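The next block holds one structure in the form of structure tokens; read it before the comments.
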Amino acid sequence: MERYVYHSDGSAVFSGYGESSSVTLALVSDELKRRVKILLAAYPNGLRLEAQGGADYFVYNLTVYDGGRAVTYYWTDGELPRELHYLASLLKSLNNFASRRSGVIFYVEVDKLVIKRGETLRIAAVVLNPTETDFVYFSPTPCSPDFRMYLRSSRGVEIELCPDGSTGPCIQVIQERVLKAGGSVKVSYSYMFGEVGTYFLEAFFPYAQWSEATSITILVID
């Protein structure tokens with residue numbers, strides 16, 4: 001049993017397994033509010049999703065306080081509506097940081113969750129270091145990005161996306177990189193869709209697959 005409480009001022013409190021801790025997440029507070037707003041617009045009265053088979057699964061219970069009323073979202077492991085998935089992907093990273101499982105916050109932003117043929121999706125990969133300690137990681141250098149980004153269709157076609165203005169990674173040697181205390185890295189991507197369907201956006205930080213500090217986030221785009 002784990003419990004996370006996020007406040008509008010950017011503070012967060014974690015409790016579980018006989019431990020508790022508090023952190024300040026002001027750097028990501030606006031993004032969290034934006035995704036909560038998207039979810040509330042799609043499901044203003046909450047949502048309850050039952051388990052989709054299997055004997056063992058995690059249960060998630062999210063309560064949002066909106067204008068004096070409590071709105072509850074309940075789900076288990078499995079497919080989620082895109083608006084809930086978008087918020088849950090950010091909460092996963094925030095939870096890992098608040099419970100000290102991760103030393104950074106990593107997430108992916110998109111400008112829309114539903115696309116039409118011929119439209120371009122704007123994507124941003126973001127990593128934040130809200131701590132007072134530098135975060136050291138390794139990545140191929142000198143021209144490889146900090147993030148690895150894939151777009152996978154429901155038919156299994158996989159495309160590695162390159163940062164805007166880049167022709168792709170050039171893996172030569174391994175470089176030690178440092179994300180300064182209180183610092184951030186943000187890289188922009190874009191992709192024009194030639195066909196409609198469901199796509200899975202999978203992002204990794206850092207780029208190197210073998211890194212012990214790998215963080216992964218997945219979004220669903222329809």
Residues (charged (D, E, K, R) and not in a strand (DSSP E or B)) located in region 1-44:
D9, D30, E31, K33, R34, R35, K37
Name the pairs: first residue in region 116-129 and within 30 Å of T24 (Cα to Cα), second residue outside any strand (DSSP E or B) and of a type outside the set (A, V, I, L, M), Cβ to Cβ under 6 Å, at least 6 apart or on different chains?
R122/D111; A125/F147; N129/G183
Mind checking which residues of region 33-59 are at pLDDT below 90, exposed (fewer than 12 other Cβ atoms within 10 Å of the Cβ) and over 19 Å from S99 (Cβ atoms)?
E50, Q52, G53, G54, A55, D56
Given (1) in a loop (DSSP other than H, G, I, E, B); (2) over 24 Å from T24 (Cβ atoms), identify the lone condition not met by S139.
(1)
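Could you please find all residues in region 90-103 being surrounded by fewer than 21 Cβ atoms within 10 Å (Cβ to Cβ) and either in contact with a strand residue (DSSP E or B) (Cβ under 6 Å, 6 or more places away or on another chain) or over 25 Å from L47 (Cβ atoms) (or both)?
First pass over region 90-103, keeping only residues surrounded by fewer than 21 Cβ atoms within 10 Å (Cβ to Cβ): 91-92, 95-96, 99-103.
Across region 90-103, the qualifying residues are N95, S99, R100, R101, S102, G103.
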Can you name every residue in region 65-95 that is assigned to a strand (DSSP E or B) and over 27 Å from Y199 (Cβ atoms)?
Y65, D66, R69, A70, V71, T72
Go through (1) at pLDDT 90 or above; (2) over 19 Å from S93 (Cβ atoms) one by one and return the number of the condition Y189 breaks.
(2)
Selection from region 149-199 of residues in a strand (DSSP E or B), without any contact (Cβ under 8 Å) to a residue 60 or more places away in the chain and charged (D, E, K, R) yields R152, E158, E160, E176, R177
Tell me which of these D30 doesn't satisfy, since it passes every other one: (1) among the acidic types (D, E); (2) without any contact (Cβ under 8 Å) to a residue 60 or more places away in the chain; (3) surrounded by 12 or more Cβ atoms within 10 Å (Cβ to Cβ).
(3)
Residue hits (region 116-155; surrounded by 13 or more Cβ atoms within 10 Å (Cβ to Cβ) and β-branched (V, I, T)) are I123, V126, V127, T131, T141
Meets criteria (aliphatic (A, V, I, L, M), free of Cβ contacts under 8 Å to residues at least 40 places away in the same chain, surrounded by 18 or more Cβ atoms within 10 Å (Cβ to Cβ) and in a strand (DSSP E or B)) for L62:
yes
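The values are calculated or read from the model by the stated rules, or taken from the named source; none is laboratory data. Note that the coordinates shown come from a computational prediction; the quantities given were computed from them, not determined experimentally. A quick note on method: Cβ atoms are made from the backbone with ideal geometry, for glycine too, and the neighbour counts reach across all protein chains shown.
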